[in-house]
Amino acid sequence: MQIIKTKSYIEICQKASEILVEQLKQKPKSVLGLATGSTPIGLYQKLIEAYQQNDISFKGVISYNLDEYIGIDRNHPQSYYQYMYKNLFSKVDMKDEHIHIPNNDISKIDQQAGAYNKDLKKHTIDIQILGIGSNGHIGFNEPGTPFGNETFIVELDEQTRKDNMRFFNNIDEVPKYAITMGIKNIMRSKQIILMASGKEKANAIYKMVHGEVTEEMPASILQLHPNVVVIVDQQAGSKI
Ligand code: F6R
């Protein structure tokens, strides 16, 4: 694990974007694994700026998102589908047919995880972007999830629902289920960039880097991946 400690959130985004910009310059047809949540928003902003300055293009890029809520429609403002279009896809030259976000259509939900997994396996992700939950989840692989899982439907942890309540009006509105890539899918990526900001993440970052590799701390599996870059600010990195 390469660990980069920065002074601020902006610097985390700057460092992560430098790696991605270089990747897209070297390989314009890269396959990217993308995350949502608060943490990567500044990274996406930097990538939009690089695109506007003609440094990079997304025309050849293929993307796979980590996860999507179940129980809210794709048109809901808090769906990860809306998030991705709002924060990145609508502002760059990504081709719609290259974008993959797990389908949460409830009428066919039993088939969606398998279908996404099959699709995902057609490619190898060059760079996977990750955030981390305060409980150590990556994607929505909550504590206790088998490391061998591939894309599956997960019941969200109460901690995750509380953490994500800030995006909704109240806890009852926060979805209880999601569809997520499994740890096995994430570990197949050639390179992983994990970004973390803020004191709420300090414990999880400590356990991810120095703790035992255990399914109780999903991010700890990253100790076994050959090419992980962890980028933290002072608060998230305060215990390492
Ligand atoms: C998002 C995802 C989650 C988040 C994590 C941190 O696609 O898979 O693992 O990365 O919950 O979220 P934020 O960045 O909002 O603290």
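Just so it is clear, none of the values below were taken in a lab; they were calculated from the coordinates. If you're wondering where the values come from, they're calculated on a predicted model, not measured in any experiment. Because the Cβ atoms are built from the backbone with ideal geometry, glycine has one as well, and the counts that use them run over all protein chains shown.
Things to note:
- Normalising the Debye intensity of segment 197-240 to I(0), with uniform scatterers on Cα atoms only, and taking log10 at q = 0.17, 0.22, 0.23, 0.32 Å⁻¹ returns -0.43, -0.69, -0.75, -1.13.
- Taking segment 1-73 and dividing mean pair separation by its residue count, relative contact order in percent (alpha carbons under 8 Å, at least six apart): 39 percent
- Segment 1-160: relative contact order as a whole-number percent, Cα under 8 Å and 6+ apart: 24 percent
- Each peptide in 208-214, 38-44 was scored by the mean count of other Cβ atoms within 10 Å over its residues; highest first, the order is 38-44, 208-214.
- Summary value for segment 137-185: 56 percent relative contact order, contacts being C-alpha pairs under 8 angstrom separated by 6+ residues.
- Segment 55-71 - phi-based ³J(HN,Hα) in whole Hz, Karplus 6.51/-1.76/1.60, Gly and Pro as x: 6, 9, 10, 9, 4, x, 6, 10, 10, 10, 7, 5, 7, 7, 5, 10, x
- Simple spin-label estimate for I240 and E22 in nanometres, 7 Å along Cα-Cβ: 1.8 nm
- Kirkwood hydrodynamic radius over Cα pairs of segment 121-240, then Stokes diffusion coefficient at 10 °C and 1.306 mPa s, in µm²/s: 108 µm²/s
- Where both bridge residues fall in the chain, DSSP classifies roughly 30% of the beta bridges as antiparallel.
- Relative counts (whole %) of C-alpha pair distances in the chain, using bins that are 10 Å wide: 8, 34, 40, 18, 1
- In this structure, the amide hydrogen of I4, modeled 1.01 Å from its nitrogen in the peptide plane, lies closer than 5 angstrom to those of V230, I231, V232, counting only residues at least 5 positions away or on a different chain.
- With the helix formula -39500 (n - 2.57) applied to DSSP H stretches of n ≥ 4, the chain reaches a computed 222 nm mean residue ellipticity of -8500 deg cm²/dmol.
- Karplus 3J(HN,Hα) series, Hz, for segment 93-108 with 6.51 cos²θ - 1.76 cosθ + 1.60 (x for Gly, Pro): 8, 5, 8, 3, 6, 9, 9, 10, 10, x, 7, 10, 4, 5, 5, 10
- Remark: segment 214-220, residue by residue, has Karplus-estimated 3J(HN,Hα) of 8, 5, 6, 10, x, 5, 5 Hz, where x stands for each Gly or Pro and the curve is 6.51 cos²θ - 1.76 cosθ + 1.60 at θ = phi - 60°.
- Using the Stokes-Einstein relation with a Kirkwood hydrodynamic radius computed over Cα pairs, the translational diffusion coefficient of segment 32-130 at 4 °C and a viscosity of 1.567 mPa s comes to 91 µm²/s.
- Span-like helix ranges in the chain, DSSP H, alpha carbon extent 15 angstrom or more, Kyte mean at least 0.0: 41-52
- For the residue pairs K162/K199; K7/K239; K121/K162; K25/K122; K59/K118, alpha carbon separations beyond 26 Å are given by K121/K162.
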